[in-house]
Amino acid sequence: MKINDFIIENGELLGYAGNGGCVVIPDSVKYIGEDAFRGNRKIKSVDIPDSVVEIRKHAFYFCTGLEKITLGKNVEFLGLGAFAYCEKLTEFIMPDSVNKIGEWLFYNCLKLNNIVFSKKLICIENFSLSATGIKNFELPPQIERIGKGAFAESRIENFMAGAGLKEIGIIAFEKCFALKSVTLSDGLKKIDIWAFNNCPKIATLKIPASVEFVGSHAFHGFTDKQKVFINKAAAKNFSVEWKEECEAEIIEY
């Protein structure tokens, strides 16, 4: 059924045939369907009503002209790559109703520099902030896990972990060439393989005593100008290859 510029069936928005610009989604929509706006380069802003509970896979994928999106207060799920390649998107405010996000959510959102996460969210999913423009990021206290490649190849410069963080995933910060400052919190348990691969600007990195495992090549590419502080007792449980191809000065405390 076509309602004005929207194709809607059983509460799901399946497509858009309008002229772009500022788009206001009808409040009869409950789901924004897979690929609904995919590749639409004419839309500049989208206002999503409170009736919407899901934004599905690739809904706004490659909407390269999209600058602003306003979410209603009842969205619970943001699907895989829903906003990937939205290159002009600068800010994203996530309502506290969101309890799950998909992988690759904001991949290659080059100008995205401010994001507010839902207080219900406990995981930054795989590659969800990869290749984004985020420079300063303080992890919300309820986040327990940073997934695979979550910040990989992003423009992040400063990262501060929240009190709830327990795990940093595989290649989580790989090739973050601008990353200068990393503050990890007590309570962190695991730093997975290749987690900080090729992060040449980190001057010092202190691994909390709470860390029980550091995977192989976790600091691959670190040079002799960088320093890694480790707890002597905790280091006994690290992977035997955790220092593989890492030339940083290792300082025990």
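The values are calculated or read from the model by the stated rules, or taken from the named source; none is laboratory data. Here the structure is a predicted model, which means the values were calculated and not measured. Counting neighbours? That spans all protein chains shown, and the Cβs are built from the backbone with ideal geometry, glycine included.
One table, with the values for the structure above:
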item: Single match in 192, 186 (criterion: among the charged types (D, E, K, R), within 19 Å of residue 165 (Cα to Cα), crowded, with 19+ Cβ neighbours inside 10 Å and modelled with pLDDT of 95 or more); result: 192
item: In region 195-221, the residues that are surrounded by fewer than 20 Cβ atoms within 10 Å (Cβ to Cβ) and in contact with a helix residue (DSSP H, G or I) (Cβ under 7 Å, 6 or more places away or on another chain); result: 209, 212, 213
item: Region 1-16, subset in a loop (DSSP other than H, G, I, E, B) and either out of contact with any strand residue (DSSP E or B) (no Cβ under 7 Å at 6 or more places or on another chain) or aromatic (Phe, Trp, Tyr) (or both), residue farthest from residue 75 (Cα to Cα); result: 4
item: Region 93-141: number of residues that are β-branched (Val, Ile, Thr) and part of a strand (DSSP E or B); result: 5
item: Qualifying residues in region 232-247 (those that are buried (at least 16 other Cβ atoms within 10 Å of the Cβ) and closer than 21 Å to residue 185 by Cβ) - the one nearest to the chain's Cα centre (by Cα); result: 242
item: Subset of region 60-82 [within 20 Å of residue 150 (Cα to Cα) and either assigned to a loop (DSSP other than H, G, I, E, B) or among the polar types (S, T, N, Q) (or both)]; result: 60, 61, 62, 79, 80, 81, 82
item: Test: residue in region 149-158 that is under 25 Å from residue 204 (Cβ atoms) and among the polar types (S, T, N, Q); result: yes
item: Top-ranked residue in region 109-128 [being hydrophobic (A, V, I, L, M, F, W, C) and over 17 Å from residue 153 (Cβ atoms); ranked as surrounded by the fewest Cβ atoms within 10 Å (Cβ to Cβ)]; result: 116
item: Some residue of region 156-169 being over 22 Å from residue 194 (Cα atoms), under 13 Å from the mean Cα position of the chain (by Cα), in a loop (DSSP other than H, G, I, E, B) and of a type outside the set (A, V, I, L, M); result: no
item: Selection within region 1-23 - closer than 23 Å to residue 105 by Cβ and among the β-branched types (Val, Ile, Thr); result: 23
item: Single condition residue 85 does not satisfy, out of (1) under 22 Å from residue 123 (Cβ atoms); (2) of a type outside the set (A, V, I, L, M, F, W, C); (3) crowded, with 20+ Cβ neighbours inside 10 Å; result: (1)
